[in-house]
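To start, the structure itself, in structure tokens.
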Amino acid sequence: LPSCMGSLKHPVPAASLDPAADRAKVGPMTATAEFIRGLPKAELHLHIEGSLEPEQMFEFGRRNRIDLAFGSVEEVRAAYAFSNLQDFLDIYYQGAGVLRTERDFHDLAMAYFRRVTADGCRHVELFFDPQTHTDRGLPFGVAADGLLAGMAEAKATLGVSSSLVLCFLRHLDEDAAFATLRAAEPWLDRIQGVGLDSSEVGHPPSKFARLFSAARERGLKLVAHAGEEGPPAYVWEALDVLRVDRIDHGNRALEDPALVRRLVADGMTLTVCPLSNLKLCVVDDLKAHPLKRMLDLGLKATLNSDDPAYFGGYLGRNWTETAQALNLPRADLVTLAKNSFTGSFLPPVAVAGHLADIDAYVSSNS
Ligand code: ADE
Ligand code: ZN
């Protein structure tokens, strides 16, 4: 199958593991890029396994003595031409196979936090897919403890706050998800919420109705991918059956005006991921991305990277490329930054602090 135009026109660029070197390569920043970098912002839709750079694939593969199916970093990058979500997921689950130890997860998280703090990110709500790892025989705690250690170190050394969201794989059955929730029990005091990801079409939110109600009873926040490839009906189910606190993606909600009215009335946050949408052929040009339309309709959209190592950009690049493609005015950028905190699961006092930081930044930069 040929790739969509989005993938052909936007190959994943080679990124070094040094954000400063990356910036030097693209030359001086434009005024908008500079404004965006200084703007306090949060990332609410980031799969940590999707931050695994090809270089790290080889590094972790080497230290864990795992043979990779690829001969070089360039070969790996060349394989990142996707026609749809499933194409990507096949290679993403394969890549995650190099993650074996707590140290791997710690190092993965720290490398991500170094990159995203260089982009001006102050807070992250980080997804992980425990079933991808427990199904390979790793105990639940290997990923969870490694990530939690990385998160604590990032807070101490980089000043970025974060919380952990456990995502269930929707292509597996609800019993498997329940088994994962039981395995997670000793960690639930350190887990903010649960999510639903992987292959969307054919796996509607209603398949996990009992699971999400059990998670809600445990006091967990609830999010679900919906309307990325799946129809508006899946977004309705996420709202009415799962009773989620946030919708991940939500693009296809725009096909249903009654659903848009509902999302606006609820003040529901959508975690939108433009470079992901481009690479997975949800849109075929960034200029055609619905983010601006969402904002103009009064939807509470946020900007996020999804799987930055696979989709050609971390948080900053999602912001700058989208701002440029859609010609977003500064007022929209400020709204997006504020949405990223008011749509987060941070306590109100922390949200208020970040909003005050945004206001101070805007008044000193206008
Ligand atoms: N897992 C990682 N990234 C995903 C995405 N964009 N959609 C569904 N599942 C995912
Ligand atoms: Zn996602």
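The values are calculated or read from the model by the stated rules, or taken from the named source; none is laboratory data. These numbers were taken from a predicted model, which means no experiment stands behind them. A quick note on method: Cβ atoms are made from the backbone with ideal geometry, for glycine too, and the neighbour counts reach across all protein chains shown. Protein only, heavy atoms only, side chains kept; ligands, DNA and RNA dropped before computing areas. Shrake-Rupley method; radii C 1.70, N 1.55, O 1.52, S 1.80 Å.
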Candidate set: the range 141-189, residues that are surrounded by 15 or more Cβ atoms within 10 Å (Cβ to Cβ) and of a type in the set (D, E, K, R); chosen: the one nearest to PHE345 (Cα to Cα): ASP145
Every residue from the range 92-109 that is part of a helix (DSSP H, G or I) and buried (at least 18 other Cβ atoms within 10 Å of the Cβ): TYR92, GLY95, ALA96, VAL98, GLU102, ASP104, PHE105, HIS106, ASP107, LEU108, ALA109
Sole exception among (1) part of a helix (DSSP H, G or I); (2) touching a residue at least 40 places away in the same chain (Cβ under 8 Å); (3) within 14 Å of ligand 2 (Cβ to nearest atom) for TRP319, by number: (3)
Failed item, numbered, when ARG210 is tested on (1) open to solvent by 40 Å² or more (accessible area, probe 1.4 Å); (2) more than 16 Å from ligand 1 (Cβ to nearest atom); (3) under 20 Å from VAL272 (Cβ atoms): (3)
Output for the range 307-357, where each listed residue is among the basic types (Lys, Arg) and either at pLDDT below 95 or within 19 Å of the chain's Cα centre (by Cα) (or both): ARG317, LYS338
Residues being under 29 Å from ALA31 (Cβ atoms), part of a loop (DSSP other than H, G, I, E, B) and free of Cβ contacts under 8 Å to residues at least 40 places away in the same chain - total across the range 342-366: 1
Residue under evaluation PHE82, criteria (1) more than 16 Å from ligand 1 (Cβ to nearest atom); (2) in contact (Cβ under 8 Å) with a residue 24 or more places away in the chain; (3) farther than 30 Å from GLU185 by Cα, criterion not met: (1)
Those residues of the range 322-341 which are in a loop (DSSP other than H, G, I, E, B) and closer than 15 Å to GLU43 by Cβ, in sequence order: none
Considering residues of the range 110-139 that are within 16 Å of ligand 1 (Cβ to nearest atom) and among the aliphatic types (A, V, I, L, M) only, the residue surrounded by the most Cβ atoms within 10 Å (Cβ to Cβ): VAL124
Only listed residue being on the phi > 0 side of the Ramachandran plot and within 16 Å of ligand 1 (Cβ to nearest atom), chosen from HIS225, HIS249, HIS203, HIS171: HIS249
Condition check for ALA226: open to solvent by less than 10 Å² (accessible area, probe 1.4 Å), closer than 30 Å to ALA288 by Cα and in contact with a His (Cβ under 8 Å, 6 or more places away or on another chain): yes
Hey, LEU275 crowded, with 21+ Cβ neighbours inside 10 Å, within 16 Å of ligand 1 (Cβ to nearest atom) and within 23 Å of GLU53 (Cβ to Cβ) or not: yes
Residue match in the range 252-260 (condition: open to solvent by 10 Å² or more (accessible area, probe 1.4 Å), free of Cβ contacts under 8 Å to residues at least 60 places away in the same chain and within 14 Å of ligand 2 (Cβ to nearest atom)): no
Residues of the range 212-237 that turn out to be within 16 Å of ligand 2 (Cβ to nearest atom) and of a type in the set (A, V, I, L, M), as a count: 5
Where a residue in the range 25-39 is of a type in the set (Val, Ile, Thr) and its partner, wherever it lies, is modelled with pLDDT of 95 or more, with Cβ under 6 Å and at least six apart: THR32/ALA323; ILE36/TRP319; ILE36/THR320
Filtered residues of the range 39-54 (kept if within 16 Å of ligand 2 (Cβ to nearest atom) and either in a helix (DSSP H, G or I) or closer than 10 Å to ALA96 by Cα (or both)): ILE48, GLU49, GLY50, SER51, LEU52
